[in-house]
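The values are calculated or read from the model by the stated rules, or taken from the named source; none is laboratory data. Computed from a predicted model, the values in this text were never measured in an experiment. Cβ coordinates were reconstructed from backbone atoms using ideal geometry, including for glycine residues, and neighbour counts include every protein chain displayed. Only protein heavy atoms, including side chains, enter the accessible area calculation; ligands, DNA and RNA are left aside. Shrake-Rupley method; radii C 1.70, N 1.55, O 1.52, S 1.80 Å.
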Amino acid sequence: MAPSQSSQPAIREHIATVISNETVNNQYKQLCLSVPPLALQVKPGQFFHLLCPQVDELSPFFRRPMSIYRIDRRRSRLHFLYKISGVGTAAMAKLQPGNPFNIFGPLGQGFRLEPSWQNLLVMARGVGLATLAPLVQTAQREGRQVYAICSARSAEYLLSVDYFRELGATVFSVTDSDGSSDVAEIEKLIVDLILQHGIDAFFTCGSNRLLKLSQDLTRAYNLSGQVALEQQMACGLGMCYCCVRTFIQDSKPVDLRVCKEGPVFDLQEAVTW
């Protein structure tokens, strides 16, 4: 279940400053912001609502929800990893160092780490890996071991591999191009990790196939797990009910807001699509 609302840091509007906005590959960019101290109270799995600039012919209206990719508290910086997929992110791609940038948050419920979970499995595909990166940061700081499965169409689109290794994770790269991202292949890999390294908990984001596989394996081996879900949002505060999805709690369907009750949910409560 989600942690209590009272444990969450206060939600505020912050004026950040762009430090860099660099290309990662031909699909993704990484935005680095200098932020006020209160913005650094974000927890892994939470997100900010970004006020995309209006520039040239690009005039995005709604804010864009985006999870944190990296938290650098020493230098008061937050990083976002994003794919240019519409008007808002295309406008973001035009941000230059020194530009002010309005961010609102932190929002939502983040990941929960129980003290007994010392061997963690994180797996995601594409930009879903961005959401898991702060969790790997926290695990490193707390002396936990992380095994990361990074999935993509081909090697040139793999994200976070080097970063996860820098954080001490054991990384497995799987791709569609060589067949290693096939569900049956990933299942064999995970079962080996469970049996050889005593995985305590699963964490995933961004792939229906990986969500379904995670649910099956956590049930089979009686393990805990959490999933961070992506959903279209308007207000980001739970008032507009734009991001409602169906979940299963106590064997009954319930409708929950991804922005408010999530975006992180118990793995077994999520309904695959």
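Observations
- Qualifying residues in the range 84-126 (those that are in a strand (DSSP E or B) and over 23 Å from His14 (Cβ atoms)) - the one modelled with the lowest pLDDT: Arg125
- Residue-level analysis places Ala152 outside the set of residues that are of a type in the set (A, V, I, L, M, F, W, C), closer than 29 Å to Val244 by Cβ, open to solvent by less than 10 Å² (accessible area, probe 1.4 Å) and modelled with pLDDT under 95.
- Scope the range 56-73; condition under 17 Å from Thr17 (Cα atoms), free of Cβ contacts under 8 Å to residues at least 40 places away in the same chain and open to solvent by less than 40 Å² (accessible area, probe 1.4 Å); matching residues: Met66, Asp72
- For the range 61-83, the candidate set comprises residues that are in contact with a Gly (Cβ under 8 Å, 6 or more places away or on another chain) and part of a loop (DSSP other than H, G, I, E, B); within that set, the residue that is farthest from His49 (Cα to Cα) is Phe62.
- Ala220, sole failed condition from (1) without any contact (Cβ under 8 Å) to a residue 24 or more places away in the chain; (2) crowded, with 18+ Cβ neighbours inside 10 Å: (2)
- Some residue of the range 248-267 being of a type in the set (A, V, I, L, M) and in contact with a Cys (Cβ under 8 Å, 6 or more places away or on another chain): yes
- Filter pass, Val191 being surrounded by 14 or more Cβ atoms within 10 Å (Cβ to Cβ) and within 30 Å of Ala16 (Cα to Cα): no
- Count - residues of the range 223-234 that are in contact (Cβ under 8 Å) with a residue 60 or more places away in the chain and of a type outside the set (Gly, Ala, Ser): 3
- The range 23-32: number of residues that are at pLDDT 95 or above and over 21 Å from Glu230 (Cβ atoms): 1
- Taken as a whole, the range 163-172 holds no residue that is farther than 20 Å from Phe111 by Cβ and in contact (Cβ under 8 Å) with a residue 60 or more places away in the chain.
- Scanning the range 225-265 for residues that are under 13 Å from Thr204 (Cα atoms) and either surrounded by fewer than 17 Cβ atoms within 10 Å (Cβ to Cβ) or polar (S, T, N, Q) (or both) turns up just one, Gln226.
- Of all the criteria given as (1) in a loop (DSSP other than H, G, I, E, B); (2) closer than 25 Å to Pro263 by Cα, the one not satisfied by Ser151 is (1).
- Subset of the range 137-148 [part of a helix (DSSP H, G or I) and surrounded by 24 or more Cβ atoms within 10 Å (Cβ to Cβ)]: Ala139
- Residue list for the range 162-187, restricted to those being open to solvent by less than 20 Å² (accessible area, probe 1.4 Å) and either part of a helix (DSSP H, G or I) or among the acidic types (Asp, Glu) (or both): Phe164, Ile186
- Residue list for the range 24-46, restricted to those being in a loop (DSSP other than H, G, I, E, B) and within 27 Å of Tyr157 (Cα to Cα): Val24, Asn25, Asn26, Gln27, Lys43, Pro44, Gly45, Gln46
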